[in-house]
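Scroll down for the structure; my scribbles are underneath it.
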Amino acid sequence: MRTKETVSLCMIVKDEEDCILTAIQSVQYLTDELIVIDTGSTDSTPQLALSAGAKLFHFHWTKDFSMARNFALKQASSDWIIVLDADEVLETINPETFYALLSDSQLEGYYLRIRNILDSPMSDSSDQVVRLFRNRSDYRFEGAIHEQVAPSILRANNGCGLASVPITIHHYGYLKDRLDYKHKFSRNSQIITQELKQNPENPFLLYCLGLEYYQQDSILEGLKHLTKSLTLLSGNEGYFEDVLLNIALGYLRLEEAPKLIDFLSKALSMYPDQADFLYLRGLAYLQETSYFQAAEDFKKSLHIGTMTLATFDQVCCLLGDAYQSSCDFPQAHDAYNRALKFAPASPYPLQQFISLIRKGYSIDCLLQGSLQVENWPKTESWPGLLANVTSESFKLYLVMLLLTLYRTLNTKPICHEELLAILIHFPKVLELRIIRINELVQLKLDIETLAGDSTSFAPSLPIEKGARRYSPQETIATEAEHGVPLPLEVGVSQSDESDPDMTQNVAREYLTLAFKEILLCSMASMKDMEAANFNAQNRVNSLLKKALYVLCHVIESKGKLVV
């Protein structure tokens, strides 16, 4: 008894030894047959295909992709065909989900999402293309380049039989190194131009030629062809929406914000729920300092939630930027907080929290925001975060570490294992900038002692300030007595405060003092050390606020969101 539909992979190749195995491996677990058509390789591509278990056939290249594709289809013997290029990778899909698609008797094929990975300033683009379809002799590709099988399927089924599914193929052929290596622009543009001589009003060819110019950063020339293609379309074509999107991207690349707003306003009258259109118009409004309109578009795109040009956290950050620019700090705080929920390890939302605080927004927002974020980075992820620390972002990661400690201490019940894991990471971070190495050795020994079975804990970490040395106990008593975050006893006269370099030194010295005391009091909290007028957890919270205040006012907001 038959248990599932069979699937053949059909692929045409030439000199693809650097990527063919990756492509085959991405789909091999779903297929029963591998058909590889070689059009004249001079490298080891044929041998690699055979080693992967493919059936290899040779085809003389005629500068017509459809002819090569259709030759591959003739060799396939399975019920279904999936088409993949050697520079593409199928995103992992659950096999049960995949085979369920093949069992739908009402459908003849599926549009898959082709995500074009780019290294140009333009964001990654995507197309909807039929790549999975039944193996029937009347289903054949058409077009010398950017060939399509959809028209033949639609003709055979009275305009029906196709559906879109959330399956993604990642296409790496538009990366500059690969374009140069394969000479794709020269090859593709020549083929398209030749085809246009025979059919100059073919909108699909014009669309393809426009995209080829985009890949060469010839945006104005590409936009010209795309705009002409649009005038020849009826609106029912499967790629109509893609033409609109790419025209919008062209205006964005040319920084033509007013034209982009006007164009997308018309496009949104046809596609009111197109999240990418809303996102792009929001960017244009942001460029035009129309912050309210930008915020509205970003909010709508997040509500729809189907953006392909940006991630949720990026759009949340842009929404926060729009609110911050219009001085609506509470709304900005909420947007950045949402961004942290989506990407807790991202520095940009945290930088903007700090920016808000520097503008006078309450520091409590930073602390409360950290408690509200559900998906906060676990301590085991800190080594990866530390690997990305640079001199410019160092203080930012100190803020992240302090917030992590605040969350742990103020989430009931306190998890001592998690607290200890955080404290162990404290000296790992601090050794990069603030605390001297010889003092770190003692810090690590103290923490290791705390992690052991000892019932008593009596740290002795002298902290040098000017000509005098303060013990932790003295420091606690001194600051409790004076109630000031930055005592003058550190050895700097008031006249020094006018010197920016001296101010930085004072801040750095105070942070050294505060961070050491935070460690000591946190460890005391783990041992439930209490005394008259002294509560370890309250003391840590107080120190955290003061340390965060100093950090927030010395960090320059250098972050730039890349979308």
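The values are calculated or read from the model by the stated rules, or taken from the named source; none is laboratory data. Nothing here was measured: the structure is a model prediction, and the numbers come from that model. A quick note on method: Cβ atoms are made from the backbone with ideal geometry, for glycine too, and the neighbour counts reach across all protein chains shown. The accessibility values were calculated without ligands, DNA or RNA, using every heavy atom of the protein model including side chains. Shrake-Rupley method; radii C 1.70, N 1.55, O 1.52, S 1.80 Å.
Pairs under 9 Å by beta carbon, first residue of a type outside the set (D, E, K, R) in the stretch 538-563, partner in a loop (DSSP other than H, G, I, E, B) and modelled with pLDDT of 80 or more, six or more apart or different chains?
541/410; 548/363; 549/363; 552/363; 563/309; 563/310; 563/311
Taking the condition surrounded by fewer than 16 Cβ atoms within 10 Å (Cβ to Cβ), among the charged types (D, E, K, R) and closer than 18 Å to residue 310 by Cα, does residue 217 pass?
Considered against the rule, which asks whether it is surrounded by fewer than 16 Cβ atoms within 10 Å (Cβ to Cβ), among the charged types (D, E, K, R) and closer than 18 Å to residue 310 by Cα, residue 217 comes out as no.
Within the stretch 83-100, can one find any residue that is of a type in the set (Gly, Ala, Ser) and without any contact (Cβ under 8 Å) to a residue 40 or more places away in the chain?
So far as the stretch 83-100 goes, yes, one or more of its residues are of a type in the set (Gly, Ala, Ser) and without any contact (Cβ under 8 Å) to a residue 40 or more places away in the chain.
Need the failing condition index for residue 260 against (1) surrounded by fewer than 22 Cβ atoms within 10 Å (Cβ to Cβ); (2) more than 22 Å from the chain's Cα centre (by Cα), just the number.
So the condition that residue 260 fails would be (1).
For the stretch 306-331, which positions are without any contact (Cβ under 8 Å) to a residue 40 or more places away in the chain, open to solvent by less than 30 Å² (accessible area, probe 1.4 Å) and outside any helix (DSSP H, G or I)?
307
Kindly check whether there is at least one residue in the stretch 189-203 that is under 14 Å from residue 127 (Cβ atoms), buried (at least 21 other Cβ atoms within 10 Å of the Cβ) and in contact (Cβ under 8 Å) with a residue 24 or more places away in the chain.
no
Could you identify the single residue in 255, 241, 288 that is open to solvent by 60 Å² or more (accessible area, probe 1.4 Å) and touching a strand residue (DSSP E or B) at 6+ places or on another chain (Cβ under 9 Å)?
The unique qualifying residue is 241.
Could you go through the stretch 93-107 and let me know if any residue there is among the charged types (D, E, K, R), at pLDDT 95 or above and closer than 22 Å to residue 33 by Cα.
So far as the stretch 93-107 goes, no, none of its residues is among the charged types (D, E, K, R), at pLDDT 95 or above and closer than 22 Å to residue 33 by Cα.
Identify the single condition in (1) hydrophobic (A, V, I, L, M, F, W, C); (2) open to solvent by 10 Å² or more (accessible area, probe 1.4 Å); (3) in contact (Cβ under 8 Å) with a residue 40 or more places away in the chain that residue 30 does not satisfy, given that it satisfies every other one.
(2)
Among the residues of the stretch 59-86, how many are assigned to a loop (DSSP other than H, G, I, E, B) and either over 15 Å from residue 113 (Cα atoms) or hydrophobic (A, V, I, L, M, F, W, C) (or both)?
Qualifying residue count, the stretch 59-86: 12.
I'd like the full set of residues that are open to solvent by 10 Å² or more (accessible area, probe 1.4 Å) and either among the small types (Gly, Ala, Ser) or over 21 Å from residue 25 (Cβ atoms) (or both), limited to the stretch 79-100.
If the condition is that a residue be open to solvent by 10 Å² or more (accessible area, probe 1.4 Å) and either among the small types (Gly, Ala, Ser) or over 21 Å from residue 25 (Cβ atoms) (or both), then 79, 100 are the ones that fit.
Filtering the stretch 65-74 down to residues that are open to solvent by 40 Å² or more (accessible area, probe 1.4 Å) and under 18 Å from residue 40 (Cα atoms), which residue is modelled with the highest pLDDT?
Taking the candidates together, the pick is 71.
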